[in-house]
Structures are given as structure tokens and as C-alpha cells.
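For reference, the structure is listed below as C-alpha cells.
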Amino acid sequence: MNRFTGKTVLVTGAGSGLGRAIARAFAAEGASVVVAGRTAASLDETVALIEATGGTATAVTADVTDSGQLQHLVRESVTRFGGLDIAVNNAGILRGVGAVGDVSEEDWDAVLRTNVTGVWLAMKHEIAHMKANGGGAIVNISSNLGAHLRIPNLAAYITSKAAVSALTRAAALDHIHQGIRINAVSPGASAAPMSLRPGETEADRAERVKAENPLGRVAEAEEVAAAVLYLASPEAGAVVGADLVVDCGASA
Ligand SMILES: NC(=O)c1ccc[n+]([C@@H]2O[C@H](COP(=O)([O-])OP(=O)(O)OC[C@H]3O[C@@H](n4cnc5c(N)ncnc54)[C@H](OP(=O)(O)O)[C@@H]3O)[C@@H](O)[C@H]2O)c1
């Protein structure tokens, strides 16, 4: 399939994990992809992987907690590839592991600033371009943890992702009349770094996850990416404010 030929797609947090898989999937279907994050070297690796398979991508360093850097990121997307049709706000962090009473103010602020304010700020600048240029599609990466599932000792992350799910629906209502379709994908434990516990190998994780969801496995990064591409595609033209859970049934 070549659903995204001629489209420019921006993916934040695209230097690793799910963001890299999402960027590669869009490029494989013809998109020109702008990969963003804070670490130039990992972004360059994503670009090299895409170019090695004949795709088109460019790297722009940007910290999603900084409004000026996000404004620059959107401007660079337009300058380098002539527009911005689709944005995937995927950058996120998991910190502040522990009971609510033990979470440090520093971790709480960092998680909320990156995961919630970062998604809002990114949308703010993406929407400014899209509403002046005929619309577009935005997919925010939330989590099954938050709106769909709670587990102990992850309150900062769970709170942040519940907010991303709610923010997505609020934004969808506010901007659909400007031709901007906004949806979320909420992955469960996936084959990407964030689901690894400290010191855990991928084999350890596979063993642990057997008991954690009905399929007994993690979601592949490509399975999460496929959900993102669907929501960004014309096939999802009537899908507005959805929060598509891809978690092997963990929150079913
Ligand atoms: N893996 C899972 O099991 C899972 C499950 C549910 C939801 N998710 C969500 O999926 C998304 C991707 O997770 P992942 O597993 O792929 O984790 P990951 O490999 O740690 O990727 C997160 C990416 O975000 C970037 N990032 C972090 N802070 C940033 C900032 N302030 N500005 C710009 N970029 C920033 C990181 O790059 P730099 O550090 O270089 O900036 C990194 O490339 C996250 O939103 C996560 O919450 C993951």
C-alpha cells in the first residue's frame, strides 16, 4: 500500500522504540517523514534506516517541553518537505515509579511536562499550520495505562496518559470543523524500551507478560504503528476523537 505518497508526516520521539517504528511505517507507504527528538544521533539512525529502504526522511532536534523548539520543528517540516499533513505526538517518558506518597516533585513535574504539556504544545503548533493549510490529521500516543487501566506505583505516568486520552478527545471536538482529525492510540506493553523494567531483558519481559494479558505477549511495534497509520489515513475519515487501544487485551 502507498496510502501516504505526497504527504509530510511529523513524528516526535522518533529516535527509538515506537516512534521509530511509526516513522518507518509511514515512510514505507510513501510519506516524507520528519523525525524529531532531543538526540541527534538516534534521529540520524532512524533517517538512515528509512533511506536504506528507499524512503524519505529528515531529522530535526526538538524538545517537546519547549514551545519555541516545537514552532521551529513545524516550520522546518514545511520548509524541508513543503507542508505538514500528519503529526504523531509520540514523545513521552516514564519516571516517578513508586507509591503516590513517595513520588518526587521533580519526577512528577517532568512526567506531566513532557507527556501532557508536550503533547498540547506540539498540537498547538501543528494545528496553527494545519488550520491555515486545509486541515490534517493528528495521532497522539497515549497508553492503556491511564484511561483504560491502572496498576500500582505508576501514578505520575498513569495521570499523564489519562490526560493525553482526555486532551485528544477535547482537541478533536475543538478542531474537526477546521478539517483536523485528532485521535489517539493507546498501546499496552510493547516491544519497545519503555516496557522493560530496570535490569530486565527482552526474554524476562516476554516471560512476565505471559500472565499480564490474554494474548500473553507484548504488542509488536509494527502493530502499534499499523493502528497509527490507520487513524491517519483517509480510511479513517469518519473517525474523530477515538482512542484505539492496542494492548493484547490487557484492559478488555
Ligand atoms: N513501550 C511501551 O510498552 C509503551 C506502552 C504504552 C505507551 N507507550 C508510549 O509510547 C511512546 C513511545 O514509547 P517507547 O516505548 O518507544 O519509548 P522510548 O524508546 O523511550 O521513546 C521515547 C522517545 O521520546 C523521546 N523524548 C523523550 N522526551 C522528549 C522530549 N522532552 N522532547 C522530545 N523527545 C523526547 C526520546 O528521545 P530523546 O530522549 O532522544 O529525546 C525517545 O526517542 C511514549 O509516549 C510512551 O509513553 C509505550
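The values are calculated or read from the model by the stated rules, or taken from the named source; none is laboratory data. Not measured: the values here are computed from a predicted model. Positions of Cβ are backbone-derived with ideal geometry, glycine not excepted, and every protein chain shown enters the neighbour counts. Areas reflect the complete protein model, heavy atoms only, side chains present, ligands, DNA and RNA absent. Shrake-Rupley method; radii C 1.70, N 1.55, O 1.52, S 1.80 Å.
Data overview
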quantity	calculated
Residue in the range 197-220 that is near the ligand (Cβ under 10 Å from one of its atoms) and open to solvent by 30 Å² or more (accessible area, probe 1.4 Å) present	no
Any pair with Cβ under 7 angstrom, 6 or more apart, that starts in the range 60-87 at a residue that is within 20 Å of Gly6 (Cβ to Cβ) and ends at one that is open to solvent by 50 Å² or more (accessible area, probe 1.4 Å) and not in a helix (DSSP H, G or I)	Gly83/Asn133; Asp85/Lys7; Ile86/Lys7
Strands (runs of 3 or more DSSP E) (entirely within the range 4-109) containing at least 1 residues that are under 16 Å from Ala137 (Cα atoms)	8-12, 32-37, 86-89
Members of the range 1-31 found to be open to solvent by less than 10 Å² (accessible area, probe 1.4 Å), hydrophobic (A, V, I, L, M, F, W, C) and closer than 16 Å to Leu231 by Cβ, listed by number	Phe4, Val9, Leu10, Val11, Ile22, Ala23, Phe26, Ala31
Test: residue in the range 131-150 that is open to solvent by 20 Å² or more (accessible area, probe 1.4 Å), of a type outside the set (Asp, Glu) and assigned to a helix (DSSP H, G or I)	yes
Condition check for Val78: among the β-branched types (Val, Ile, Thr) and touching a strand residue (DSSP E or B) at 6+ places or on another chain (Cβ under 6 Å)	no
Any hit, the range 59-71, residues being surrounded by 15 or more Cβ atoms within 10 Å (Cβ to Cβ), under 15 Å from the mean Cα position of the chain (by Cα), under 20 Å from Glu220 (Cβ atoms) and not polar (S, T, N, Q)	no
Per-region count, the range 78-130, residues small (Gly, Ala, Ser), within 14 Å of the ligand (Cβ to nearest atom) and either open to solvent by 60 Å² or more (accessible area, probe 1.4 Å) or farther than 24 Å from Gly15 by Cβ (or both)	0
Qualifying positions in the range 208-244 - assigned to a loop (DSSP other than H, G, I, E, B) and in contact with a Phe, Trp or Tyr (Cβ under 8 Å, 6 or more places away or on another chain)	Ser233
Considering residues of the range 172-195 that are in contact (Cβ under 8 Å) with a residue 24 or more places away in the chain and assigned to a helix (DSSP H, G or I) only, the residue least open to solvent (accessible area, probe 1.4 Å)	Ala172
Qualifying residue in the range 157-165 (condition: assigned to a helix (DSSP H, G or I), away from the ligand (no atom under 16 Å from the Cβ) and either open to solvent by 10 Å² or more (accessible area, probe 1.4 Å) or of a type in the set (Val, Ile, Thr) (or both))	no
